[in-house]
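Accompanying notes for the structure given below.
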Amino acid sequence: MEEQEVVSGENKALRSLNADVETHVNFINQSKQSARAWWLDYSGHPVSYGDIRTDGLLRMDTFLTHPWVFRASRNGAKLLANQQDVYMPTAATEYEEDGKPKFLNVVIATPVYSLQECCLMLIRNLVEEEDYGRLDIPESLKTDLRQQPDLLKELGLINRLRIGVLT
C-alpha cells in the first residue's frame, strides 16, 4: 500500500502525513495572473506560502507526502500544478555534480474553465456584489455569482471524492 493511501475514511483526508523524505521543487507560475501557493498541513488546513507573480518562481524544500494547491491571488479561482488540482511532490531523480538533488520544476497554469465559469469571473470583476440583483439574468446565475470561490469548500469536495462519498 502506498504511503498516501490510508484505510479509514476519517484518515483519508487530504493532508500532510510526515516529514520523512525531503524533495525540492520550483513552482513556476505560467498562468497570466498571480498565483497563491497553499500547503496542506498535518490537519489538512491550507497554509499560505504567499503569491507567485506571473512568470515567477517559488523555490521550495518540501516532503513527498505534503500536498500543495494553487489559486489565483485576485479571485481565488482554481489553478493547476502540473495539470493536477492537487500537487503531490515526487522524489528527485536527477542530481547535481556535488550529489545534491536538482529542484523539480512544477508548472502552475490556468485550467480550461467552462463558459459559465468564465462569464461569472468576468461579471464579478465588472459588477459590484451589491448590484448583482439588478442584473437582467436568471436568478440561478445571480446565486452562482454570489458563491465566490472558496478553498475550504473545494478541499472538502476533494476529500469527499477521495473517500468515495461522491461518485
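Some points to look at:
- Neighbours by Cβ (under 8 Å, 6+ apart or cross-chain): first from the range 59-74, modelled with pLDDT of 95 or more and open to solvent by less than 10 Å² (accessible area, probe 1.4 Å); second of a type in the set (K, R) and in a loop (DSSP other than H, G, I, E, B): P67/R15
- Residue check for D131: at pLDDT 90 or above, in contact with a Leu (Cβ under 8 Å, 6 or more places away or on another chain), part of a helix (DSSP H, G or I) and farther than 22 Å from N29 by Cα: no
- When residues of the range 78-117 are limited to those that are touching a residue at least 60 places away in the same chain (Cβ under 8 Å) and among the charged types (D, E, K, R), the one farthest from S140 (Cα to Cα): K102
- F27 over 30 Å from L145 (Cα atoms) and of a type in the set (F, W, Y): yes
- Of everything listed in (1) open to solvent by 40 Å² or more (accessible area, probe 1.4 Å); (2) of a type in the set (V, I, T); (3) under 23 Å from G164 (Cα atoms); (4) modelled with pLDDT of 95 or more, the single unmet condition for V47 is (3).
- D55 being assigned to a loop (DSSP other than H, G, I, E, B), touching a residue at least 24 places away in the same chain (Cβ under 8 Å) and open to solvent by 70 Å² or more (accessible area, probe 1.4 Å): yes
- The residues on offer are I137, I108, and the sole one that is closer than 24 Å to L14 by Cβ and in contact with a Leu (Cβ under 9 Å, 6 or more places away or on another chain) is I108.
- Tallying residues that are in contact with a strand residue (DSSP E or B) (Cβ under 9 Å, 6 or more places away or on another chain) and open to solvent by less than 90 Å² (accessible area, probe 1.4 Å) within the range 129-167 yields 5.
- Single condition T93 does not satisfy, out of (1) in contact with a helix residue (DSSP H, G or I) (Cβ under 9 Å, 6 or more places away or on another chain); (2) β-branched (V, I, T); (3) exposed (fewer than 15 other Cβ atoms within 10 Å of the Cβ): (1)
Matching residues to (1) closer than 22 Å to S16 by Cα; (2) under 12 Å from the mean Cα position of the chain (by Cα); (3) in a loop (DSSP other than H, G, I, E, B):
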| site | (1), (2), (3) |
| --- | --- |
| H66 | yes, no, yes |
| R71 | yes, yes, no |
| G99 | no, no, yes |
| P111 | no, yes, yes |
| I123 | no, no, no |
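- Single residue of the range 118-128 satisfying the filter (surrounded by 15 or more Cβ atoms within 10 Å (Cβ to Cβ) and in contact (Cβ under 8 Å) with a residue 40 or more places away in the chain) that is farthest from R71 (Cα to Cα): R124
- Number of positions in the range 92-106 that are among the aromatic types (F, W, Y) and at pLDDT 90 or above: 1
- Residues in the range 32-69 that are of a type in the set (A, V, I, L, M, F, W, C), within 24 Å of D144 (Cβ to Cβ) and out of contact with any Asp or Glu (no Cβ under 9 Å at 6 or more places or on another chain): 1 in all.
The values are calculated or read from the model by the stated rules, or taken from the named source; none is laboratory data. Every value quoted in this text rests on a predicted model; they were computed, and no experiment measured them. As a convention, Cβ positions derive from the backbone with ideal geometry for all residues, glycine included, and neighbour counts pool all protein chains shown. All accessible areas refer to the heavy atoms of the entire protein, side chains included, with ligands and DNA or RNA removed. Shrake-Rupley method; radii C 1.70, N 1.55, O 1.52, S 1.80 Å.
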